[in-house]
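To start, the structure itself, in structure tokens.
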There are 2 protein chains.
Amino acid sequence: MGLADKVLEGNVQAAARLITGIEDELPGAIQELDILYPHTGRAHIVGITGAPGIGKSTLVDCLIGVFRKRDMTVGVIAVDPTSPFTGGAILGDRIRMQHYGTDKDVFIRSLATRGWSGGLAKAAISTVHVMDAMGKDVILIETVGTGQGEVEIARVADTCLVVLSPGTGDEIQVIKAGIMEIADIFVINKADKPGAENIAMEIEMMLGMKTCPHPSEADWKPGVVLTEAISGRGAEELVEQISKHREFLVCGGGLERRREERAKQELMGAIESFVRSYFHQEIERGGEMEKLIADFVRRKESPHSAAMKIIRQFTSQFRPVTS
Amino acid sequence: MGLADKVLEGNVQAAARLITGIEDELPGAIQELDILYPHTGRAHIVGITGAPGIGKSTLVDCLIGVFRKRDMTVGVIAVDPTSPFTGGAILGDRIRMQHYGTDKDVFIRSLATRGWSGGLAKAAISTVHVMDAMGKDVILIETVGTGQGEVEIARVADTCLVVLSPGTGDEIQVIKAGIMEIADIFVINKADKPGAENIAMEIEMMLGMKTCPHPSEADWKPGVVLTEAISGRGAEELVEQISKHREFLVCGGGLERRREERAKQELMGAIESFVRSYFHQEIERGGEMEKLIADFVRRKESPHSAAMKIIRQFTSQFRPVTS
């Protein structure tokens, strides 16, 4: 029995192995994903983003608890772009496993892919597919929201939570950088701290001014939920809001639209990833391209003209085999 | 007279316009870059990376001052990946302009390209070319080192400074994440704070254990320089270290090797960028691919097989024109 078939039966070890294969970009893993793909599309995907240190992980723990009480199965993907200056996903993962390690209906996985952020986004989406095919009802993607790449990941979720907390000065940045647009629900965590109500009010005010980018989604007004992840306060209400947003998406056609958008992005990612590894190998190998690269290094060719020559060579020689 | 010719004459307005064109990925800007490219390769490129809030910008200001005292012309590129949670490059830029706005031999530019981090790296390298062609002697690239993308940018420099400061707990992260390998010079900024000497000692110890990835560069032992950017202390010594590293690279052949590596990366970037925009347009336009995308959205095609079909179509139809 192949890895994919085991995943479809909900086998955790098989899923874990497949995800590792995806992280390592093994060709076999891509084939297994192809088998899983028709079995995906059922899970509700929730993105959770926010600056470091505002309690996202604790919040995710709370959410797992509430979903489990409702007898829903949960997948969690903690995305850490292996920042050389932060890079802590693995530890959080371990602490969490102490809570839910014995619950077979909770599957937690950290992704800490090195390399380009597009690769990380790709690994995250593929991991969503694996958990989706396993039969998880809800999949939480936690991203450290300090870079564009992470926001892109959050954007592919069905429902996107933007987490803030008092005293960090985030609120202004959020407004400035246009992150308002990606939030379906705002969470003010550490709501016991002074200033929480103020942030909530500011956001409510901003939301009043907000024009919706998708006209047919115009009637969704992002909620603002105050939470204290450490005590669990507000978690039930947050899950209510998430369910409400899902219902809204399903009824209003927004879910279909978001998924089409995500599919297009994923397709671009697959193309880029293929092209990237193909040309990377070509350039590393040298061969026919060696002279061209040498000319380029000696500045006889510009980056643009050298790239065009290489692409021309590629299109005249290469015929990929469809799977 | 074209934009490129004006840049070659050192025209600041022309350079600024060209860089904006690069950020916006205008085709015309790429053509102008092609003209500039043979005139590049003279400047010394210094990368400066480190966590937010450790005084990188102030340090860069100090360095500009020292280089100018030595009658060297300076380009500065401040890279900010438009993080929705930070996103502050523009302000720093303005403050800086108050110091050096009237000095025609200092050209400062912030890059805050939205979108994928590869695009940011590409814009940074292209901006380096512009400043290089303008005749700047030294080009400082300041990156907020919280993501892999920024480290990649730092890595393309001739000389890479990793900046730490006491009390932030960075030192352990730096060692863990393997950032030791990219540092040619360590800078301990805010050296008046307690703990600075300790960090310096720890790094010195680590350096003793370090094995060099490039055998012929093995005899370069990264220096550790203590600075107080706010008072200027240590800036002269740091510039001395930078010059020493440059000399070392030129004499030992390391400069050639680094530039070849950078050229390969740039070539990959140009290929990816072309492929990205080509397929992005194709996917957005729909057309022949529409059915394929629809099948994919309905999960009749896997991402991988759909991508392969699109690439096959591309290679059979497309013949790029060389410039």
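The values are calculated or read from the model by the stated rules, or taken from the named source; none is laboratory data. Since the structure is predicted, the reported quantities are computational estimates derived from the model, not experimental observations. Please note: Cβ atoms are built from the backbone with ideal geometry, for glycine as well, and neighbour counts cover all protein chains shown.
Quick notes on this one:
Yes/no matrix, rows are residues, columns are (1) out of contact with any strand residue (DSSP E or B) (no Cβ under 8 Å at 6 or more places or on another chain); (2) modelled with pLDDT of 80 or more; (3) within 30 Å of residue A:24 (Cα to Cα):
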| site | (1), (2), (3) |
| --- | --- |
| A:247 | yes, yes, no |
| A:262 | yes, yes, yes |
| A:266 | yes, yes, yes |
| A:271 | yes, yes, yes |
| A:292 | yes, no, no |
| A:299 | yes, yes, no |
| A:302 | yes, yes, no |
| A:312 | yes, yes, yes |
| A:317 | yes, no, yes |
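- Options B:256, B:284: the member that is among the charged types (D, E, K, R) and modelled with pLDDT under 80: B:284
- Odd one out for residue A:253 among (1) surrounded by fewer than 21 Cβ atoms within 10 Å (Cβ to Cβ); (2) closer than 26 Å to residue A:121 by Cα; (3) touching a Phe, Trp or Tyr at 6+ places or on another chain (Cβ under 9 Å); (4) more than 12 Å from chain B (Cβ to nearest Cβ): (3)
- Selection status of residue B:223, crowded, with 19+ Cβ neighbours inside 10 Å and facing chain A (nearest Cβ under 10 Å): no
- Some residue of the stretch A:49-58 being modelled with pLDDT of 90 or more, under 20 Å from residue A:185 (Cα atoms) and in a strand (DSSP E or B): no
- Of all residues in the stretch A:248-297 being aromatic (Phe, Trp, Tyr) and not assigned by TED's automatic domain parsing to the domain that holds residue A:125, the one that is farthest from residue B:129 (Cα to Cα): A:274
- Residue within the stretch B:288-307 that is within 30 Å of the chain's Cα centre (by Cα), closer than 26 Å to residue A:308 by Cα and surrounded by fewer than 20 Cβ atoms within 10 Å (Cβ to Cβ) present: no
- Those residues of the stretch A:1-36 which are closer than 30 Å to residue A:162 by Cβ and either in the same structural domain as residue A:79 (by TED's automatic domain parsing) or touching a strand residue (DSSP E or B) at 6+ places or on another chain (Cβ under 8 Å) (or both), in sequence order: A:15, A:16, A:19, A:23
- All positions within the stretch B:262-283 that are under 18 Å from residue B:38 (Cα atoms), without any contact (Cβ under 8 Å) to a residue 24 or more places away in the chain and either more than 9 Å from every other protein chain (Cβ to nearest Cβ) or of a type in the set (Lys, Arg) (or both): B:264
- The residue that is farthest from residue A:193 (Cα to Cα), among those in the stretch A:35-51 that are buried (at least 16 other Cβ atoms within 10 Å of the Cβ) and within 12 Å of another protein chain (Cβ to nearest Cβ), is A:35.
- Yes/no for residue B:131 being over 19 Å from the mean Cα position of the chain (by Cα) and at pLDDT 90 or above: no
- Flag for residue B:233 being surrounded by fewer than 20 Cβ atoms within 10 Å (Cβ to Cβ), in contact (Cβ under 8 Å) with a residue 24 or more places away in the chain and within 14 Å of chain A (Cβ to nearest Cβ): no
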